[in-house]
Amino acid sequence: MPKLMLALDVLDRDEALKIVEDVKDYVDAIKVGYPLVLSAGLKIVEEIKKLCNKEVICDFKVADIPATNEKIAKITLKYADGIIVHGFVGEDSVKAVQDVAKELNKKVIMVTEMSHPGAVQFMQPIADKLAEMAKKLKVDAIVAPSTRPERLKEIKEIAKLPVITPGVGAQGGKVEDIINILDENDYVIVGRAIYLSENPKEAAKKYKEMLNKG
Ligand code: C5P
């Protein structure tokens, strides 16, 4: 059964912490990105971890030259358990982050194909190559889309690595369409369908149960 990762893209510290408190029994990991970190500061990662004792991943989609990637990774991985990087910038840029992560015993997760419609324009044509690169570099996991289950399956087969997959809920992806592709090392990412729900706790519980049934 795949695990549940909450994408916590709210803009307010107190709201973020309240949602974490509400859903902590049902989520296995929490993903924060620019929306929350630019609003509340990187130390929000520490606060979230203290509150729920779950893995926190920073979705910064790091995409710079190796020297800059290294600096970003050093700051981020002081707090977070893992960091999401782009692969299209090339092996050297990803390796720079892996070197930092290895020293700190943290995770590097690499994007292959994104989940939004625009990803078919430039990312999809190179996504299989990115999946091959992820396999070669032995990153800890890759990001692949729930919104296109057939692509999720193809990319997972190429990379043979754990997958974290966004797109379920607000972007139209459905648990039943992806559940058979995933295993216990994978994570399904759900954001708005939980944190914008009238009752985030119930919504998280519902997704957790759907994943358990699969
Ligand atoms: O709210 P929703 O469930 O659509 O959130 C999905 C999360 O996954 C967002 O944080 C988004 O930035 C992220 N993401 C994505 N597609 C990718 C990589 C990350 O939707 N390929």
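The values are calculated or read from the model by the stated rules, or taken from the named source; none is laboratory data. No experiment lies behind these values; they were computed from the predicted model shown. Ligands, DNA and RNA are stripped out before the accessible areas are found, and what is left, the full protein with its side chains, is counted by its heavy atoms. Shrake-Rupley method; radii C 1.70, N 1.55, O 1.52, S 1.80 Å.
Overview of values
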{"quantity": "Residue order for LYS31, LYS49 - accessible surface, 1.4 angstrom probe, largest first", "calculated": "LYS49, LYS31"}
{"quantity": "Amide H within-cut-off set for GLY87, under 5 Å, with H built and near neighbours excluded", "calculated": "VAL111"}
{"quantity": "Listed residues ALA204, ALA131, ALA40, most fluctuating in the chain (Gaussian network, C-alpha, under 10 Å)", "calculated": "ALA40"}
{"quantity": "Ranking by accessible area, most exposed first, for TYR26, TYR34, TYR187 with a 1.4 Å probe", "calculated": "TYR34, TYR26, TYR187"}
{"quantity": "Exposure of PHE122 as accessible area (Å², to 10), given a probe of 1.4 Å and all protein chains", "calculated": "150"}
{"quantity": "For the chain, convex hull volume per residue from C-alpha positions, Å³", "calculated": "105"}
{"quantity": "Most mobile listed residue (GLU21, GLU184, GLU150) in the chain, GNM with C-alpha springs under 10 Å", "calculated": "GLU184"}
{"quantity": "Sequence of ILE178, ILE75 when ordered by accessible area, the most exposed leading, probe 1.4 angstrom", "calculated": "ILE75, ILE178"}
{"quantity": "Reachable lysines from LYS74, criterion Cα separation under 16 angstrom, eight or more residues apart if same chain", "calculated": "LYS43, LYS61, LYS95, LYS102, LYS106, LYS107"}
{"quantity": "Surface share of carbon and sulfur [accessible, 1.4 angstrom probe, percent] for the stretch 3-212", "calculated": "51"}
{"quantity": "Dimensionless Rg over Rh [the stretch 1-118; C-alpha; Kirkwood]", "calculated": "0.97"}
{"quantity": "Probe 1.4 Å, protein heavy atoms only - accessible area per residue of the stretch 3-212 in square angstrom", "calculated": "46"}
